[in-house]
Amino acid sequence: MSSKLIAPSILAADFANLQRDIEMVNNSDADWFHIDVMDGVFVPNISFGMPVLKAISKHAKKTIDVHLMIVDPDRYIKTFAELGSDILTVHYEACTHLHRTLQAIKSQKMKAGVALNPHTNVSVLEDIINDIDLVCLMSVNPGFGGQSFIENTYNKVKQLKDLIISKGASTKIEIDGGVTNKNAKQLVDAGADVLVAGSYVFKSDNQIETIKDLRGIANS
């Protein structure tokens, strides 16, 4: 059994002390940096752009997992590769030619991820699951941090896990939104491989301990 991964979401970090928070993640038991890029069009919020990502990747010593919540992500695939992204995730709902987008991501030597909004059924990935390295299931409506977890996510994880197994794929399942110590075990038991945690980590009193605790629960 490969160990389950924890990916703190930098969207919830303290932007006035970004380097400090990046060093904290570097020194913690976290596995990945999860970075949300939003354009104010695909989701009703704007987050950081290229200069901030460049600053993060300069200091980050772990896998950089970039989640694009933007329209027409194809325009920026090469740029995100140059900025040091290891994994690039696009939204199913934002891609007209998903297969072509995934090939473009892989041609830039990144792992290719696909994110699904809460209302999108996992069956839409049936014909393409073998081309996807990571599926990011949104367990809140995308665009804002600190939302509460959508309970139907457990069923979606199970459905997705069944699809991955039936197709003999090696796709990882990532959960993004409202992850805490209260639901981590249940998510992993349903089939999740990567847990993204934002507010839960960065708003805690002891971030290093919170990450360690969450990783312990996920791998227990």
- Message: Among the residues of the range 200-208, are any under 16 Å from the mean Cα position of the chain (by Cα), touching a residue at least 12 places away in the same chain (Cβ under 8 Å) and more than 23 Å from residue 26 (Cβ to Cβ)?
- Response: no
- Could you tell me which residue of the range 1-52 is surrounded by the fewest Cβ atoms within 10 Å (Cβ to Cβ), considering only residues that are over 21 Å from residue 184 (Cβ atoms) and small (Gly, Ala, Ser)? 16
- Evaluation of residue 88 against (1) at pLDDT 95 or above; (2) part of a loop (DSSP other than H, G, I, E, B); (3) crowded, with 17+ Cβ neighbours inside 10 Å (one fails), failing number: (2)
- Message: Of the residues 28, 9, 3, only one is over 16 Å from the mean Cα position of the chain (by Cα), within 19 Å of residue 175 (Cα to Cα) and not β-branched (Val, Ile, Thr); which?
- Response: 3
- From 125, 160, 195, 187, grab the single residue that is over 19 Å from residue 43 (Cβ atoms), in contact (Cβ under 8 Å) with a residue 60 or more places away in the chain and of a type outside the set (Phe, Trp, Tyr). 195
- Checking residue 103 against (1) surrounded by 19 or more Cβ atoms within 10 Å (Cβ to Cβ); (2) of a type outside the set (Asp, Glu); (3) modelled with pLDDT of 95 or more; (4) not in a loop (DSSP other than H, G, I, E, B), which test does it fail? (1)
- Please enumerate the residues belonging to the range 1-43 that are under 20 Å from residue 136 (Cα atoms), touching a Pro at 6+ places or on another chain (Cβ under 9 Å) and not in a strand (DSSP E or B). 30, 42, 43
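Go through the range 164-193 and give me each residue that's out of contact with any Lys or Arg (no Cβ under 6 Å at 6 or more places or on another chain), modelled with pLDDT of 95 or more and either β-branched (Val, Ile, Thr) or on the phi > 0 side of the Ramachandran plot (or both).
Within the range 164-193, 164, 165, 168, 171, 173, 175, 179, 180 meet the criteria.
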- Task: Consider only pairs whose beta carbons are under 9 Å apart and that are at least six residues apart or on different chains; among these, list those whose first residue lies in the range 70-82 and is at positive phi and whose second residue is part of a helix (DSSP H, G or I).
- Result: 72/94
- Are any residues in the range 189-216 closer than 20 Å to residue 150 by Cα and surrounded by fewer than 20 Cβ atoms within 10 Å (Cβ to Cβ), and if so, which ones? 189, 190, 191, 199
- Mind checking which residues of the range 128-151 are crowded, with 16+ Cβ neighbours inside 10 Å, among the acidic types (Asp, Glu) and either touching a Phe, Trp or Tyr at 6+ places or on another chain (Cβ under 9 Å) or without any contact (Cβ under 8 Å) to a residue 40 or more places away in the chain (or both)? 131
- Counting only residues that are more than 13 Å from residue 122 (Cα to Cα) and outside any loop (DSSP other than H, G, I, E, B), how many does the range 138-173 have? 3
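The values are calculated or read from the model by the stated rules, or taken from the named source; none is laboratory data. Worth saying up front: this structure is predicted, and the values here are computed from it rather than measured. Neighbour counts run over all protein chains shown; Cβ positions are idealised from the backbone, glycine included.
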